[in-house]
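Engineer: One structure is given below, represented as C-alpha cells, and several questions about it will come after.
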Amino acid sequence: KQEVTQIPAALSVPEGENLVLNCSFTDSAIYNLQWFRQDPGKGLTSLLLIQSSQREQTSGRLNASLDKSSGRSTLYIAASQPGDSATYLCAVGSYNTDKLIFGTGTRLQVFP
Amino acid sequence: AAGVIQSPRHLIKEKRETATLKCYPIPRHDTVYWYQQGPGQDPQFLISFYEKMQSDKGSIPDRFSAQQFSDYHSELNMSSLELGDSALYFCASSSPPGTSGGHNEQFFGPGTRLTVL
C-alpha cells in the first residue's frame, strides 16, 4: 500500500530564503507525482507535474525533482516571498488506478 | 483559462438529509475525480469517471453515489448525511489518459464545503 509522507510538517522562514520541501513515498512504481499548493480552506492549485520518466520540472521560482528509486521528491522554492505562505502537498499517481495519494503536507509561513 | 467549476461552494444540511454536489470539468477533459478532505486531513479519493463510465472507486460510502453525464459534468449524491460527512469535497478533471495505463495531470476545482449539523 502506497504511503506518502512530507517533512517538515511546518516551516516558518524570513522572506528571501531558499527552501526545500521533502516528499517520500513507499512504492516506487509510480506513474507521476504532482505538487500542489493549498491556501487555508481553499482549493488545490497544481504547481508542477513530474512524469515517472523525468528527473525534474521547473516553473518560475519552483523546481521539483524526482528520484523514483529512492522514493523521494523535493520541491525547491527560490527567494521565498510572503505570498508563498500556504500548505504544500505532494501527491503520487500510480499505474492502473485513478487516484492520487496525498502526503500530509508542509505548512509554510514566510514572514516579511 | 477555464478551470473546474463546482457548485454550490457552501452547503449546510441537517443529519439524515441528502445533498447533491455538481462539478463541471475543464472543456475537453473527459475524466472527472471526486475527493473528500476532512478538517486537518489530506484529500482522500472517492470515485472517478472516464467517458461517463465509472473508472475507479476509492473509499466512498455506500450512502454516496455519483455519475457523469453526456456533457461530462458530474454529480455526487450524498444521502443519510452524518456529522462525519462534513468536509471539503473536491472535483478534479484531466484530459484523456495516456497509453501507459496512467493518467494525466489532475486539475482541481475550488471545492464545496459541506457542513452537516
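Engineer: Please enumerate the residues belonging to the range A:40-56 that are open to solvent by less than 50 Å² (accessible area, probe 1.4 Å), outside any strand (DSSP E or B) and out of contact with any Lys or Arg (no Cβ under 8 Å at 6 or more places or on another chain).
Structural biologist: A:Gly43 - this is the single residue of the range A:40-56 that is open to solvent by less than 50 Å² (accessible area, probe 1.4 Å), outside any strand (DSSP E or B) and out of contact with any Lys or Arg (no Cβ under 8 Å at 6 or more places or on another chain).
Engineer: Within the range B:58-67, restricting attention to residues that are closer than 18 Å to B:Phe90 by Cβ and more than 9 Å from chain A (Cβ to nearest Cβ), which residue is surrounded by the most Cβ atoms within 10 Å (Cβ to Cβ)?
Structural biologist: B:Ala66
Engineer: Could you identify the single residue in A:Tyr88, A:Tyr76 that is open to solvent by less than 70 Å² (accessible area, probe 1.4 Å), of a type in the set (Phe, Trp, Tyr), in contact (Cβ under 8 Å) with a residue 12 or more places away in the chain and in a strand (DSSP E or B)?
Structural biologist: Working: A:Tyr76 fails: open to solvent by less than 70 Å² (accessible area, probe 1.4 Å).
When all the criteria are applied, what remains is A:Tyr88.
Engineer: Kindly indicate whether A:Ser65 is over 26 Å from B:Gln6 (Cα atoms), out of contact with any helix residue (DSSP H, G or I) (no Cβ under 6 Å at 6 or more places or on another chain), in a loop (DSSP other than H, G, I, E, B) and of a type outside the set (Lys, Arg).
Structural biologist: no
Engineer: Test B:Gly84 against the stated conditions and say whether it is under 21 Å from B:Asp42 (Cβ atoms), open to solvent by 30 Å² or more (accessible area, probe 1.4 Å) and modelled with pLDDT of 95 or more.
Structural biologist: On the way: under 21 Å from B:Asp42 (Cβ atoms): yes; open to solvent by 30 Å² or more (accessible area, probe 1.4 Å): yes; modelled with pLDDT of 95 or more: yes.
So B:Gly84 fits the description; yes.
Engineer: Follow-up question, since we're still on this one. Under the condition of being more than 10 Å from every other protein chain (Cβ to nearest Cβ) and charged (D, E, K, R), which residue from the range A:69-107 is farthest from A:Leu47 (Cα to Cα)?
Structural biologist: Once the filter is applied, the top-ranked residue is A:Arg72.
Engineer: Are any of the residues in the range A:58-68 facing chain B (nearest Cβ under 10 Å) and open to solvent by less than 20 Å² (accessible area, probe 1.4 Å)?
Structural biologist: No.
Engineer: Take the residues in the range B:39-53 that are closer than 9 Å to B:Gln67 by Cα and more than 10 Å from chain A (Cβ to nearest Cβ); name whichever of them is least open to solvent (accessible area, probe 1.4 Å).
Structural biologist: B:Lys52
The values are calculated or read from the model by the stated rules, or taken from the named source; none is laboratory data. Remember, predicted model here, so these are calculated numbers, not experimental data. With ideal geometry, Cβ positions are generated from the backbone for all residues, glycine too; neighbour counts draw on all protein chains shown. Just so you know, the surface numbers come from the protein's heavy atoms only, side chains and all, with ligands and any DNA or RNA stripped out. Shrake-Rupley method; radii C 1.70, N 1.55, O 1.52, S 1.80 Å.
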